Amino acid sequence: METEQTPNVKKKPKLAVFKFASCDGCQLSLLNAEEDLIAIGEAVEISHFLEASSRVTPGPYDLTLVEGSITTPKDQVRIQEIRKQSRYLVTIGACATAGGIQALRNWGDHEEFQRIVYPNPEYLETLATSTAISDHVQVDFELRGCPVNKNQLVELIQDVLQGRKPRFPRHSVCMECKRSGTVCVTVSRGIPCLGPITQAGCGGLCPEYNRGCYGCFGPAAQANASGLSNWLLEHDVSKSELVPLLRNFNADAPAFREEGNRLSNEQDYTDE
């Protein structure tokens with residue numbers, strides 16, 4: 001007697017996107033991928049992505065994207081649980097990879113901030129620091145940017161799901177300016193620029209519009225931050241200009257953090 005065979009349907013990989021302290025900009029970069037996002041949706045099961053849908057299915061997940069930094073005790077617990085449920089965990093954006101702009105609290109008086117801003121700070125449960133996801137759990141790959149480059153994000157998802165190691169430029173923004181023919185704003189106009197020590201990925205957008213690079217994509221490989229600072233100081237840029245430049249979107253990225261601390265700790269910093 002013949003029996004009907006159940007078709008062998010291959011399960012789709014499960015994709016999850018989680019948010020911590022952030023502005024949602026990197027998640028919006030994925031939503032802005034439009035046709036590429038439709039193709040991703042056909043290739044994977046989007047199990048958790050509250051920015052796009054209220055439909056949630058439980059893990060484990062094959063690929064988890066995490067946006068945002070750790071700023072509360074509950075965050076510390078939740079990221080541990082997410083890590084346990086994730087085969088691959090990828091952090092996206094400056095907040096997740098370097099603490100984000102909110103990491104400026106790391107140099108301030110946390111309790112004083114709460115007292116000034118909130119009428120009842122005793123009800124808050126928050127940490128004195130904003131830190132990267134990798135400070136708390138193992139991260140399989142980091143995608144930089146504020147926000148991330150949507151094309152790089154789509155490529156990263158495709159690479160991970162197909163078992164390839166993601167590869168993105170590690171050179172500096174200066175290379176992008178050279179390739180596009182953008183005149184160096186520091187040499188030609190004396191504008192402080194982090195381009196020589198910032199990882200490529202933005203296309204050299206700010207220098208193209210006659211602005212110095214703000215370091216949105218974090219430190220480039222082997223970034224010589226002290227060398228750049230010393231050169232700028234010799235060319236009439238003050239430490240009071242350099243420290244806020246380094247303490248920006250990627251303030252807590254090691255290369256930027258260490259140089260910002262060095263400059264602000266020097267005796268003549270507050271005298272300028």
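The values are calculated or read from the model by the stated rules, or taken from the named source; none is laboratory data. Please read all numbers here as calculations on a predicted model, not as lab measurements. When we count neighbours, we look across all protein chains shown, and the Cβ atoms used for this are built from the backbone with ideal geometry, even at glycine.
Yes or no: G227 in contact with a Phe, Trp or Tyr (Cβ under 8 Å, 6 or more places away or on another chain) and at pLDDT 95 or above?
Considered against the rule, which asks whether it is in contact with a Phe, Trp or Tyr (Cβ under 8 Å, 6 or more places away or on another chain) and at pLDDT 95 or above, G227 comes out as no.
Could you list, in sequence order, all residues of region 19-76 that are charged (D, E, K, R), part of a helix (DSSP H, G or I) and at pLDDT 95 or above? Matches in region 19-76: K74, D75.
For region 205-258, the candidate set comprises residues that are over 16 Å from G145 (Cβ atoms), polar (S, T, N, Q) and in contact with a helix residue (DSSP H, G or I) (Cβ under 7 Å, 6 or more places away or on another chain); within that set, the residue that is surrounded by the most Cβ atoms within 10 Å (Cβ to Cβ) is S229.
Filtering region 111-160 down to residues that are assigned to a loop (DSSP other than H, G, I, E, B) and of a type in the set (D, E), which residue is surrounded by the most Cβ atoms within 10 Å (Cβ to Cβ)?
Residue satisfying both the conditions and the ranking: D140.
For (1) over 23 Å from V17 (Cα atoms); (2) β-branched (V, I, T), each residue gets a yes or a no:
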{"position": "E81", "(1), (2)": "no, no"}
{"position": "T91", "(1), (2)": "no, yes"}
{"position": "P119", "(1), (2)": "yes, no"}
{"position": "E122", "(1), (2)": "yes, no"}
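Residue selection: T97 satisfies the criterion of being outside the structural domain of D252 (by TED's automatic domain parsing) and touching a Gly at 6+ places or on another chain (Cβ under 8 Å). When residues in region 25-82 are screened for being surrounded by 14 or more Cβ atoms within 10 Å (Cβ to Cβ), of a type in the set (S, T, N, Q) and touching a residue at least 40 places away in the same chain (Cβ under 8 Å), 7 of them pass. Of G260, G227, G212, all but one fail to be more than 16 Å from the chain's Cα centre (by Cα) and in a loop (DSSP other than H, G, I, E, B); the exception is G212.
The residues of region 186-205 that are in a helix (DSSP H, G or I), under 22 Å from N230 (Cα atoms) and within 25 Å of the chain's Cα centre (by Cα), listed by number, are G195, P196, I197.
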